[in-house]
Each structure stands twice: as C-alpha cells, then as structure tokens.
Amino acid sequence: MSLPKLARLPSARLLTSVLPHHQLLLPPLSPLTIPCRTKIQQDYRRPGQPRVKRNPLNFNFSKGIEGIKKHFTLMKDEFFGRWVGPEGKPLIEHLLEQNLVIWEFRGPESLEQWTVSSDQEIGGQSEAHLKMGRNDITCFLHGKLSCTIPKDGETRYSGYCSMRSKIPKASFDRKKHYDWTSFNTLHLRVRGDGRPWMINIATETYFSHQKDDIYTYFLYTRGGPYWQEVKIPFSKFFLSHRGRIQDDQHPIWLDKVNTIGFTLGDKAEGPFQLEVDFVAVSKDYAHTEEFAYEMYERNPKD
C-alpha cells in the first residue's frame with residue numbers, strides 16, 4: 001500500500017495494516033489480587049527465642065464476683081477519701097508533711113509491689129533474684145551480671161539487671177499516679193557491695209513515643225556491713241530515652257510518677273547484691289535549686 005493511501009486510512013485500520021494480527025492479540029491482564037493475612041499480627045519476637053504459647057481463656061464466675069466486690073470497695077474508698085483531703089489525709093497534715101515513706105519492706109507481701117528483670121529477656125545470661133533480707137525487714141536483690149552478647153545477629157550490647165516497682169492501680173484497674181509535688185528530695189536507706197547503680201523514675205507521658213522516657217541519676221554504694229542513707233534532690237535527675245541522654249532536658253513531673261527502679265549495668269561481670277530498707281520522699285527547705293541542667297529555649301525570637 002502506498003504512502004498517500006496510508007495517510008487517508010483511519011487509525012484503527014492503519015494499525016492493522018502495518019502490524020501483523022498475532023501482535024495485536026495481547027495476552028489478557030491477570031486480575032489484581034491482594035494477599036490476605038493468614039494470621040493476626042503479633043508482637044515482635046527476637047531471633048532464636050521460642051514462641052510463647054498463650055493459655056486459652058478460662059472464665060471463673062466466682063472470681064469475677066470477687067473482683068467486682070474488690071473494685072467497688074476501692075471506688076468507695078477513693079470517693080470518701082477525697083472528702084477527707086488529698087490521698088485520704090487532712091489538708092493541714094498534707095501541707096505540713098515533710099517526710100513520706102513510699103515503700104517499706106516489712107514482710108514477704110511487700111515484695112509483690114516489685115518486679116525483677118534482666119537481659120535474659122533479650123537472650124542474655126545475667127540473673128537477678130529478689131527476696132526478703134535478714135529478719136524479713138529489708139529487701140535483698142542479688143544475682144550475677146554477665147556481659148555475654150546473645151548470638152542472635154541483632155543484639156550488640158548486653159549485661160543489666162534491675163528491679164522496678166509496679167504501677168499502682170485504682171478501682172477497675174485504672175492507672176494511679178504518685179503525687180510528690182510537696183517534696184523535692186528522694187530519701188533511701190541502702191546497703192550495697194560498692195557497685196554503682198542507676199535510679200530510674202518513670203512518669204506518665206502524653207505520647208506513645210515517650211513511653212521509654214525515664215529520669216535517671218546515679219547511686220554509688222560504699223560496700224561493707226554499714227548502711228548508708230542517701231538523699232538525692234529531684235532536680236538532679238536527667239531525662240534519658242533507652243539509655244541515651246536527651247539534649248532537650250526538663251524537670252521531672254512529680255505530679256504523675258508511675259514507677260521507680262534500680263538498674264545495674266556497670267559492665268563488671270560477677271555476683272552483686274543490693275539491700276534496701278525503705279524508699280521515701282522528703283522536703284528539704286535548704287535545697288532551692290529548680291533544675292541542675294541547661295534547658296534550651298524553645299522557639300527563640302532572635
């Protein structure tokens with residue numbers, strides 16, 4: 001076919017005249033398929049760790065009735081306690097209070113308010129145990145620290161042990177906070193083995209990415225048979241996130257304290273021990289410092 005005749009043909013006839021018929025028969029497109037999820041997305045499991053078997057749901061009617069009675073009793077105490085004063089105390093007593101013992105270990109039931117953890121959660125070999133001390137009047141934390149890195153191809157650092165208080169619960173398992181705004185100093189009575197410890201205070205956060213923010217300061221034990229009373233102002237605690245000190249520092253929020261903990265991670269392998277008599281807060285009128293570290297000005301004008 002000549003070129004002038006090709007120019008006068010419609011586009012469809014022009015295409016069929018130039019290309020063979022077998023090239024026009026394109027294979028049909030396969031339908032778009034979306035892969036379905038075969039199982040519900042679960043929590044992250046580190047390499048080498050076995051799967052955790054979940055126990056089936058077991059409903060007990062009698063335990064449910066006991067739980068309802070317990071929570072309604074707590075709600076009753078909370079309601080009438082607010083009429084008495086803050087935390088169920090008269091207002092004048094709350095304002096004049098200078099020392100308040102938060103945790104005192106005077107029996108095995110006091111250990112139920114604490115939990116122990118170590119690097120075994122990530123595959124490490126450290127061990128930590130919590131028991132009552134001599135005469136059941138102190139808390140005795142002991143174990144073995146190991147810096148052996150688990151061979152999972154992911155973990156780079158290991159070697160820590162810690163004990164931490166449990167978050168207090170109000171009625172119907174609502175989260176309850178400690179209000180330490182009337183105090184400015186943390187008061188401890190401890191007896192250690194000469195190792196340096198870290199004291200961690202966790203407060204309530206507003207955003208999910210802040211859940212690992214804690215306020216930290218160091219506790220240097222002397223070792224030996226003698227007790228030592230330690231007083232640390234809250235202004236000395238600095239903000240850290242997963243072990244890294246943050247540039248943006250601010251004072252600790254004392255009105256929404258959740259937990260307090262003791263962590264050992266000095267990279268010195270071997271046995272350790274820490275004995276705690278009580279953990280308290282106090283009001284030191286001689287201490288007037290608001291915050292010990294530099295705070296950056298946000299949104300500076302100049």
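Before moving on, here are some points about what is shown:
- Nonlocal amide H pairs with residue 114, under 5 Å, H built at 1.01 Å: 166
- Selection of chymotrypsin sites (Phe, Trp or Tyr not before Pro), the range 111-217, meeting DSSP coil and at most 11 other Cβ within 10 Å: 206, 207
- Apolar share of the accessible surface for the range 98-282: 48 percent from carbon plus sulfur atoms, 1.4 Å probe.
- Converting phi to 3J(HN,Hα) with the Karplus coefficients 6.51, -1.76 and 1.60 and the offset θ = phi - 60°, the range 190-198 yields 9, 8, x, 10, x, 7, x, 10, 10 Hz in sequence order, with x at every glycine or proline.
- Gyration tensor verdict on the range 216-288 (Cα atoms; rounded if a/c is under 1.5, prolate if a/b is larger than b/c, oblate otherwise): oblate
- Of all lysines in the structure, the ones whose alpha carbon falls short of 29 Å from that of residue 151, not counting any fewer than 8 places away in one chain, are 39, 53, 211, 267.
- Full-stretch length increase - residue 242, residue 97 - with 0.36 nm per residue and alpha-carbon distance subtracted: 48.7 nm
- Nonlocal amide H pairs with residue 259, under 5 Å, H built at 1.01 Å: 202
- Among 66-73, 251-258, 274-281, the order from most to least packed when residues are scored by Cβ within 10 Å on average: 274-281, 251-258, 66-73
- Residues in the range 73-84 carry Karplus couplings, in order, of 5, 5, 5, 5, 5, 5, 5, 6, x, 5, 6, 6 Hz; the curve used is 6.51 cos²θ - 1.76 cosθ + 1.60 with θ = phi - 60°, and Gly or Pro positions show x.
- Cα gyration tensor, the range 187-242 - rounded (a/c under 1.5), prolate or oblate: prolate
- Here the label points at residue 285 and residue 110, each 7 Å from Cα along the C-beta direction, are separated by 3.0 nm in the simple model.
- Extension gain for residue 222 to residue 176 (0.36 nm times residue separation, less C-alpha to C-alpha distance): 13.1 nm.
- Under 15 Å from the Cα of residue 166 - aspartates and glutamates, other chains or at least 8 residues apart: 104, 109, 112, 204
- Point-to-point label distance, residue 209-residue 60, nm (Cα→Cβ direction, 7 Å offset): 4.3 nm
- Accessible area per residue, Å², the range 100-222 with all protein chains present, probe 1.4 Å: 54 Å²
The values are calculated or read from the model by the stated rules, or taken from the named source; none is laboratory data. Bear in mind the structure is a predicted one, so any value in this text is a computation, not a measurement. So basically every Cβ, Gly included, is an ideal-geometry build from the backbone, and we count neighbours across all protein chains shown. With ligands, DNA and RNA removed, areas are computed over all heavy atoms of the protein, side chains included. Shrake-Rupley method; radii C 1.70, N 1.55, O 1.52, S 1.80 Å.
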